[in-house]
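What follows is a set of notes on a single structure, which appears directly below.
The values are calculated or read from the model by the stated rules, or taken from the named source; none is laboratory data. Computed from a prediction, not measured in an experiment: that's the story for all the values here. Neighbour counts run over all protein chains shown; Cβ positions are idealised from the backbone, glycine included.
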Ligand code: NAP
């Protein structure tokens, strides 16, 4: 059991971690912090931490582990605020969806004697805020750690244990590779979803109402992804520019090939491509990363 853990940013991810820490008794004291007074009041109401505060600096006093669960674009400002109160030997970790940019800002403010163990739980929903958190969010999902060369094995083990206790499987990767992989599996699909739903939104009114009425034919699945938090996703794209633009370039080239096949009436090409993608779906189900 850890003496004291502080979570900063009590939205979907922060509150789900807090619920798990309480449920599995992973800390003697759990402090929840958020800049928003409303969020703090909600967290206090939910009773998912021992102390709740909007004083970020004081929240980390004496903490053994500090978990940053704020949007990627706020990681730097939060690190700067809390740095003077981080105790020698503390571990600072995060849940940001981008790793290279987040590591750079945390490193900039992290005092000597404090270890950094960056992390990214590959689990989430389109909902945000403390009420959206739940205990099972991380069950059977991967959590990727991207430790720095100077991070001690002991610190990595502590954060690994924390995530395993929350139900996750833990993998280690270098941060650049993380950003490239997530560029394909998460960031590009969100960009495509935002685009498709945006295109529908720009249609003339009568056509738009039919798109909504008959949405179950595919469009509906994109709207779920495209209803994700705009702040979080703005920050992801601004902070993983290189990987996202690289993947977008490849996607555009593949789309052009499909466009060509449709124009030429090349059914064999279309069938072969669609058959290959079906196999990927089966692999995801077999690895228990989706239900059906
Ligand atoms: P969220 O539900 O929007 O929660 C973020 C919380 O941080 C909000 O309560 C927000 O307050 C607060 N916050 C914003 N700026 C802050 C600051 N400067 N200081 C203190 N608190 C601040 O977001 P989330 O979905 O939990 O995501 C949290 C982190 O996990 C992000 O870095 C995201 O990239 C990552 N992540 C998300 C998912 C997902 O599917 N959602 C999955 C994996 C990782 P306000 O509401 O007042 O802005």
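Of 250, 281, all but one fail to be within 25 Å of residue 139 (Cβ to Cβ) and free of Cβ contacts under 8 Å to residues at least 40 places away in the same chain; the exception is 281. The set of residues in segment 108-119 being away from the ligand (no atom under 12 Å from the Cβ) and in a strand (DSSP E or B) consists of 115, 116, 117. Of all the listed residues (64, 94, 55), the sole one being within 15 Å of the ligand (Cβ to nearest atom) and surrounded by fewer than 18 Cβ atoms within 10 Å (Cβ to Cβ) is 55. Scan segment 260-278 and give yes if some residue there is closer than 22 Å to residue 184 by Cβ and within 23 Å of the chain's Cα centre (by Cα), otherwise no. So far as segment 260-278 goes, no, none of its residues is closer than 22 Å to residue 184 by Cβ and within 23 Å of the chain's Cα centre (by Cα). Restricting 142, 163 to those that are in contact with a strand residue (DSSP E or B) (Cβ under 6 Å, 6 or more places away or on another chain), within 28 Å of residue 251 (Cβ to Cβ), within 13 Å of the ligand (Cβ to nearest atom) and modelled with pLDDT of 95 or more reduces the list to 142. For segment 41-52, a residue qualifies if it is on the phi < 0 side of the Ramachandran plot and surrounded by fewer than 18 Cβ atoms within 10 Å (Cβ to Cβ), and the qualifying residues are 41, 44, 45, 46, 50, 51. From the list 152, 132, the lone residue that is modelled with pLDDT of 95 or more, within 12 Å of the ligand (Cβ to nearest atom) and more than 18 Å from residue 243 (Cα to Cα) is 132. Counting only residues that are more than 15 Å from the chain's Cα centre (by Cα), outside any helix (DSSP H, G or I) and surrounded by 17 or more Cβ atoms within 10 Å (Cβ to Cβ), segment 149-188 holds 4 of them. With respect to (1) more than 10 Å from the ligand (Cβ to nearest atom); (2) out of contact with any helix residue (DSSP H, G or I) (no Cβ under 7 Å at 6 or more places or on another chain); (3) closer than 29 Å to residue 226 by Cα, the lone exception for residue 105 is condition (2). Within this structure, residue 276 passes the test of being part of a helix (DSSP H, G or I) and either exposed (fewer than 10 other Cβ atoms within 10 Å of the Cβ) or within 16 Å of the ligand (Cβ to nearest atom) (or both). Among the candidates 122, 81, the residue that is farther than 24 Å from residue 49 by Cβ, within 9 Å of the ligand (Cβ to nearest atom) and in the same structural domain as residue 21 (by TED's automatic domain parsing) is uniquely 122. The set of residues in segment 211-229 that are part of a helix (DSSP H, G or I) and either surrounded by 11 or more Cβ atoms within 10 Å (Cβ to Cβ) or in contact (Cβ under 8 Å) with a residue 24 or more places away in the chain (or both) comprises 211, 212, 215, 219, 220, 221, 222, 223, 224, 225, 226.
When residue 204 is tested against the conditions (1) farther than 17 Å from residue 97 by Cα; (2) free of Cβ contacts under 8 Å to residues at least 60 places away in the same chain; (3) surrounded by 14 or more Cβ atoms within 10 Å (Cβ to Cβ), the lone failure is (3).
Could you please let me know if residue 215 is out of contact with any helix residue (DSSP H, G or I) (no Cβ under 6 Å at 6 or more places or on another chain), within 16 Å of the ligand (Cβ to nearest atom) and assigned by TED's automatic domain parsing to the domain that holds residue 229? No; evaluated as a whole, the condition is false for this residue.
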